[in-house]
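Report on the structure given below.
The values are calculated or read from the model by the stated rules, or taken from the named source; none is laboratory data. Because the structure is predicted, anything quoted here is derived from the model rather than measured. Backbone-built Cβ (ideal geometry, glycine too); neighbour counts: all protein chains shown. Surface accessibility is based on the protein's heavy atoms, side chains included, excluding ligands, DNA and RNA. Shrake-Rupley method; radii C 1.70, N 1.55, O 1.52, S 1.80 Å.
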Amino acid sequence: MQLEIWSDIACPWCYVGKRRLEAALARFEHRDEVFVTWRSFELDPTAPPERRGERAARLAEKYGTTIEQARAMERQLTDVAAAEGLDFRFDRARSGNTFDAHRIVHLGLEHGLQDATKERLLRGYFTEGELISDHATLARLAVEVGLGADEVRDTLAGDRYAEQVREDERTAQRLGIRAVPTFVIDRALGASGAHPSDELLELLHQGWAAQAASSPVTPSTSSTAPPAPATAVRAR
């Protein structure tokens, strides 16, 4: 069963959703037959390499709230993340463009290390205050998960995987995906948002049942292009 997840590295709910998915997979009896592919989605494709100033101030401007209300939102999200075993440090987070980070996630896919690459970049961004638009930072984090240093540097120096990132984003448009994370099973069933693990487990059961019946209902917006090769993701 193919499970594709559209997400952004700079999306806190995407990290929460990843943990909840892992919890759901841990309870799914067919988990060894679920193949997960992380798809690219940039929340802000026009983002500069790094944004300056307090993150809460930008949130307040974006959502039309006060800075204190934005800070309260961050504290609440930090508590939600902590319940999933994640340590969010918004005081360290350095916001910037995520396009090159998505290219490195595609490199990880080619080497069977996509989930580990995604995890390392998310942790670097939300816990360690890493600037994931910086090529030296990306190279260091990618090498940590086992990607070759020379290949990582060559990838970042050129435009390798740029078209794959753009194709993921075009596919998201065709599927009507406007928010992340969005979980899609066999291009037939989907759920948008960091749903609790019980709900994600139910989605997995529905996908498996549809596959077993060999009659999934394909939405009219689904792409006819086959998914890229995926790697099996074991639950934590």
For this session: Divide, for the range 58-108, the radius of gyration over alpha carbons by 2.2 N^0.38 Å, where N is the residue count.
Result: 1.44
Problem set entry | Max mean-square fluctuation residue, GNM over the chain, Cα-Cα springs under 10 Å, options Pro181, Pro196, Pro12 | Pro196
Problem set entry | Distant-in-sequence amide H partners of Ile132 (H built 1.01 Å from N, under 5 Å) | none
Problem set entry | Amide hydrogen neighbours beyond the local backbone of Arg39, cut-off 5 Å, H modeled | Ile5, Trp6, Ser7
Seminar exercise, completed: Gln211 neighbourhood, Cβ < 12 Å, K/R = +1, D/E = -1, net charge -1
For this session: With θ set to phi - 60°, apply the Karplus curve 6.51 cos²θ - 1.76 cosθ + 1.60 along the range 181-188 and write out the HN-Hα couplings as whole Hz, x wherever there is a Gly or Pro.
Result: x, 10, 9, 10, 9, 6, 6, 10
Problem set entry | Accessible area in square angstrom per residue, the chain, 1.4 angstrom probe | 47 Å²
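Lys and Arg at +1, Asp and Glu at -1: add these up for the other residues within a Cβ distance under 10 Å of Asp198 and post the number. Walk me through the numbers on the way to the answer.
On the way: positive: Arg20, Arg27; negative: Glu199, Glu202.
Local net charge: 0.
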Problem set entry | Antiparallel %, DSSP beta bridges [both residues in the chain], to 5 | 60 percent
Exercise. Cα gyration tensor of the range 77-140, axes a ≥ b ≥ c as square roots of the eigenvalues: rounded (a/c below 1.5), prolate (a/b > b/c) or oblate?
Worked result: oblate
Seminar exercise, completed: Cα extents of the range 111-150 per principal axis, largest first, Å, are 25, 20, 13
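Two decimals is fine: what's Rg over Rh for the chain, C-alpha atoms, Kirkwood radius as Rh?
On the way: Rg = 17.6 Å, Rh = 18.3 Å.
In the chain, Rg relative to Rh is 0.96.
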Exercise. Does the range 32-93 classify as rounded, prolate or oblate by the C-alpha gyration tensor (a ≥ b ≥ c root eigenvalues; a/c under 1.5 gives rounded; else a/b over b/c gives prolate, otherwise oblate)?
Worked result: oblate
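For the range 1-130, what is the Kirkwood estimate of the hydrodynamic radius, computed as the reciprocal of the mean inverse distance between distinct Cα atoms, to one decimal in Å? Intermediate values should be presented prior to the final figure.
On the way: mean 1/r = 0.0635 Å⁻¹.
The Cα-based Kirkwood calculation yields 15.7 Å.
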Exercise. Once the piece of chain linking Ala47 and Ala157 is laid out straight, how much longer is it, given 0.36 nm per residue of separation minus the C-alpha distance between them?
Worked result: 37.7 nm
